[in-house]
Structures are given as C-alpha cells and as structure tokens.
Amino acid sequence: MFDIKWIRDNPEAFDKAMSQRKNVSVRSSDLIAIDDRRRQIIVRLNEAQEKRNSLSKLIGQAKAQKDEAKAAELMAEVARLKEIIPAGEAEERAVEKELRDALSTIPNMAMDDVPYGEDEGGNVEYFGLNGSPETAARARAPKPSFAFAPKEHFDIGVAETNMDFEIAAKLSGSRFVVLKGQLARLERALGQFMLDLHTTEHGYLEVQPPVLVRDDALFGTGQLPKFEEDLFFTPHGEGRLALIPTAEVPMTNFVRESIIAEEELPLRFTALTPCFRSEAGSAGRDTRGMLRQHQFNKVELVAITTPEEADNEHERMLVAAETVLQKLGLHYRVMKLCTGDMGFGARRTYDMEVWLPGQDTYREISSVSVCGDFQARRMEARYRPSGEKQAPRYVHTLNGSGTAVGRCLIAVLENYQQEDGSVLVPEALQSYMGGVTSIGGRG
C-alpha cells in the first residue's frame, strides 16, 4: 500500500506508474483531495481542542476572581466544544477510512526495468542477470521429440485410468479431480521432492501453516479487498475465515505487526499446502483437465529481507524455482512480465512457463515476484537496522511458486509420455516412487 505522503511529494511519478497498470483510473489528485479534507478536519479539531484547553484555564481564573458570570459563560463554551469535538473526531475517522480504502485498492508500482505493455503480449523472455539465450539453453532441457502425436495429460493412458473427474464432480462439482494409485503417488512424490530441494539446497525453512486465515492476513498480502470474489469463505464465530489461495498469505504474515532485528534477515520459508481459488472470471477457460482447479497443491516460497537485498533475493528465488524444472528435465522459459500483466502486489515478476507438448505451447507453472514494501506497509512489518540507532524501516517481501505441484504433474505426464500410454518417471523422482521407473502402460 502506498504512503499518502509519498504520493503528495511525487504526484507525477505516481500518475505515470498508475497509467502503466491495467484497469487503474485513480490519479494522485483524487487521493490528495481526500487527504486535504482529512488535514482540514485535523486542523479544526486541533483548534477546537486548544481552545477548549485554553478556556478551561480561564474558567479557573474566573472562579478564583469570583466572577461567576464569566465562569458560566466560559463553561457554556467549553460544553459546546465538548459536543462538537467528538463529531469532528468521528468525521476524521470516516475520512481516514475513505483514504485507506482508496489506497488499499491501488496496485503496486512497477520497477524501472519492467517492460511496458497492456497485456501478456508485452512480456519479454528473460535469461537471467548477464544471461543470454545460449546460457539459458544450456541450463534447460530441450523440448522432447516424439515418434507419435503427443497427447494432452488427461488423454494419456495412465491418466485416463487414474485421473477421475466424474467422481470429483459428484463430490464437489466442476474443476475438481480425484487422483488415484500411481498418479496420486506421483503427485505426492513431486511435492516431497520440491520441499527437500528447497530446504536442503536453497536454505528455506519448511513450515506447515494454517490453511484458514483471517481477513487481516488477506489484506496484508493484497487479496482483500480487491479480490474478495476469488476467495472461499467459511463462517467462524461472529466473523469468517478464508481458505488460502496460496501459502504466501500465512507465511508472509508471519512478520505482521512486528519489528525484526536486521541480523535475523533474510527469512526464507517454504510450505506444501492445498490452495483454493474460485477462479472468478475464468468461465470457459481450461475446462478440461487439471490446469485450472478450485483446489490444488503448491509448494510456495516466501522471503523477507532488507530493501538493499531484495533484488538479489529475487534472482535467488527464481533460481530455486528453476532448479525444480531443471532437475526434472522439463523444458521451460522465463518471462519478465510487463506492466499490464503483473499481479496486484508485485513490483517485478518472472513467470516460469513449462513446455506442454500435448498442447504444443508453454503454460505458466510458477510466478516469482518482488513486492518491495507494498505488503509490509499493509502488515506493519518492520526491521531495525543494525549499527547506530535508527528508526525501524519496512521490510521487503518476495514470493514465488516452487512450483505448482498439479501443473508440474501435468508437465511430467506430457513430457514423459510413451506411445503405449505409460509415463516414464523422471530420475529425480524415482527414489520417492520406491524405485519405480515408469507408471501405467499396457500389460
């Protein structure tokens, strides 16, 4: 969330940044006008309170001089001020809420190196810091070749018998799936593999957070109030809880309303959780198969760091996510998202897109974003700089998928499919599968 003082000091920069974001019509003048009203109310309140205090002193003086008429006159004026001050305070609270509500729906400001674009057509391929297409190609597996026409994941033999959408529809409706047998084990293997990789090689701390969270947590990471329709809620006491759309929500909120010593940073967390999304606005898109589900498993990465280290942490997180696909031998590319395609809270986002031969296209499997202090301001999350005494500063937050387990399962099925309907198990997963090297197939 933006600081209104920064907007007042940098109106042109704010307006330029918002003009590059998709479907954003707010301008600095709109927000400054609300803040002006707030400031005027505060001035009137301060004047009324100062006058009340001054008059209260004069009442004592009048009584000391036994001037009862003057004292009565002053007391009547104090009584009048006591009545109007609460009304002014209520007005101030209302305008502060109006300003906060307006600020809370404004997306983050893109970094200078983010390409301008209105939609995904403006995204550009990213090859890493000081990278090139050649170095990226050496790090990534090539596209697989087939002696037959590759199928989409739901038409592959092993999936046809172990991926049950019919039963899921009876239980829960559309956009759910029941995985069985070898496919259920393969998805479990993928999640365990990712967690082990991120904890042992990349230094993330594994956690198991709640999957039901309060509104405050969702506000902190930017899901509320703007994206309420994308969430699933359940009544709880006199309020409600929401099923998490991503483990980013609870893990980032670990530091809410706290001041951390700089020496404790960076904090790095990872979790494998179910995620729940209503997929509002996605009617008619990816209706077949597992690509777009209401419930799915995902390994999430979250980092909390200082402003100076945020860019390095962003590259580090991207490498961690890329390593998953590299070790699985899956072909992919990395795209730097343009201003019109970035998420609400991001300042810069890299999307990893895995190659799906059944669809003959790339599909997103991970987004890795740096958010600056945007979420920290919403959460009141700060750190205390080391060395000389300094005021606490807002932390910078990052999040990324490491990766979406269901989509990774799709990628493994399509890239390792065989003509007889079986699927080879990537070498990195074989130990998690009890030494099994292939699943499905005839006979």
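What to note about this one:
- Stokes-Einstein translational diffusion, segment 4-104 - Kirkwood Rh over all Cα pairs, 1.306 mPa s, 10 °C, in µm²/s: 97 µm²/s
- When each of K5/K82; K5/K389; K298/K336; K16/K336; K151/K180 is checked by Cα-Cα distance, pairs over 28 Å: K5/K82
- Phi-based couplings in Hz for segment 33-47 (Karplus 6.51, -1.76, 1.60; Gly and Pro marked x): 5, 5, 5, 4, 4, 4, 5, 5, 5, 4, 4, 4, 5, 4, 5
- Summarising the amide proton neighbourhood of E380: residues at separation of 5 or more, or on other chains, whose placed amide H is nearer than 5 Å comprise E257.
- Vicinal HN-Hα couplings computed from phi for segment 142-155 (Karplus, 6.51 cos²θ - 1.76 cosθ + 1.60; Hz; Gly/Pro x): x, 5, x, 10, 10, 8, 9, 6, x, 9, 6, 4, 7, 9
- Beta bridges per DSSP with both ends in the chain, % antiparallel, nearest 5: 90 percent
- Near A346, the amide H atoms lying under 5 Å from its own belong to N108; only residues 5 or more places off or on other chains count, and H is placed 1.01 Å from N.
- If the chain linking E125 and K66 were pulled fully straight, counting 0.36 nm for each residue of separation and taking away their Cα-Cα distance, it would gain 12.7 nm.
- As an equivalent ellipsoid, segment 192-287 spans semi-axes of 26, 19, 12 angstrom, where each value is the square root of five times an eigenvalue of the C-alpha gyration tensor, largest first.
- Subtracting the Cα-Cα distance of E315 and A139 from their residue separation scaled by 0.36 nm leaves 61.8 nm.
- When +1 charges are put on Lys and Arg Cβ atoms and -1 charges on Asp and Glu Cβ atoms, the dipole computed for the chain relative to its Cα centre reaches about 820 debye.
- 10 Å Cβ shell holding at most 10 others, DSSP loop, trypsin sites (Lys or Arg not before Pro): longest site-free stretch of the chain: 67-284
- On Cα atoms only, tilt of 68-104 relative to the major axis of the chain in degrees: 20 degrees
- In the chain, taking the dipole from charged Cβ atoms about the Cα centre, the farthest positive-side position among H236, P11, A247 is held by H236.
- Sequence of T361, T161 once ranked by neighbouring C-beta atoms within 10 Å, starting from the fewest: T361, T161
- Using θ = phi - 60° in the Karplus curve 6.51 cos²θ - 1.76 cosθ + 1.60, the 3J(HN,Hα) couplings for segment 430-440 round to 4, 5, 6, 9, x, x, 5, 9, 8, 10, x Hz; x is entered for Gly and Pro.
- Taken along the Cα-to-beta-carbon direction at a fixed 7 Å, the label points for S54 and E308 span 4.9 nm.
- Applying the criteria of a DSSP loop state and at most 10 other Cβ atoms within 10 Å to the chymotrypsin sites (Phe, Trp or Tyr not before Pro) of segment 88-166 yields F148.
Since every read-out is calculated from the coordinates, none of them should be taken as a lab result. Remember, it's a predicted structure, so these values are computed and weren't measured experimentally. Using ideal geometry, Cβ is built from the backbone for each residue, glycine included, and neighbour counts are taken over all protein chains shown.
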